[in-house]
Amino acid sequence: MLKTLITSAILLSLAVLPSQAQFGPACGPSDGACRPGTGGENPYGRVCTNQRNGRLSMRTGPGQNYRKVTEIPNGNYVALSEGEYGPDGIYWWRANYNGQGGWVRSDFVCNDPQ
């Protein structure tokens, strides 16, 4: 009886999730796909902070211990090239924004190809 109740609760909680729910950084149909481009162009990602007026720090290297280059306002697009895990265990993208290059945390980039 308890197993049935728990199973029902889990299934019910999954059923109420919106079909467009985003579980993390990705570039797929529920994210609207990457910004249009052709062939060998770098993919794009959109800065997604939890605050409407939030900003994402672009840094000189893949980690929070690197110097801040600039701040990118929420909703803006960045060109992504390569990525790697930093010493903080977070995946970082090498990105370009308004002609400036640096590194941004992947967990604040929606539509990324990771």
Revision key, fill the gap. The ³J(HN,Hα) series, computed from each phi in the stretch 95-102 with the Karplus coefficients 6.51, -1.76 and 1.60 at θ = phi - 60°, rounded to the nearest Hz and given as x for glycine or proline, is 9, 10, 9, 6, x, 9, x, x
Point to revise | Stretchable slack from residue 82 to residue 60, in nm (0.36 nm times residue separation minus alpha-carbon distance) | key: 6.5 nm
**Study point:** Distance between modelled label sites at residue 96 and residue 71, nm, 7 Å Cα→Cβ extension
**Key:** 2.5 nm
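Every read-out reported here was derived from the displayed coordinates using simple, explicitly stated rules and does not represent laboratory data. Keep in mind that what you see is a predicted model, and the values were worked out from it rather than measured. For neighbour counting, all protein chains shown are included, and Cβ atoms are generated from backbone atoms with ideal geometry for every residue, glycine included.
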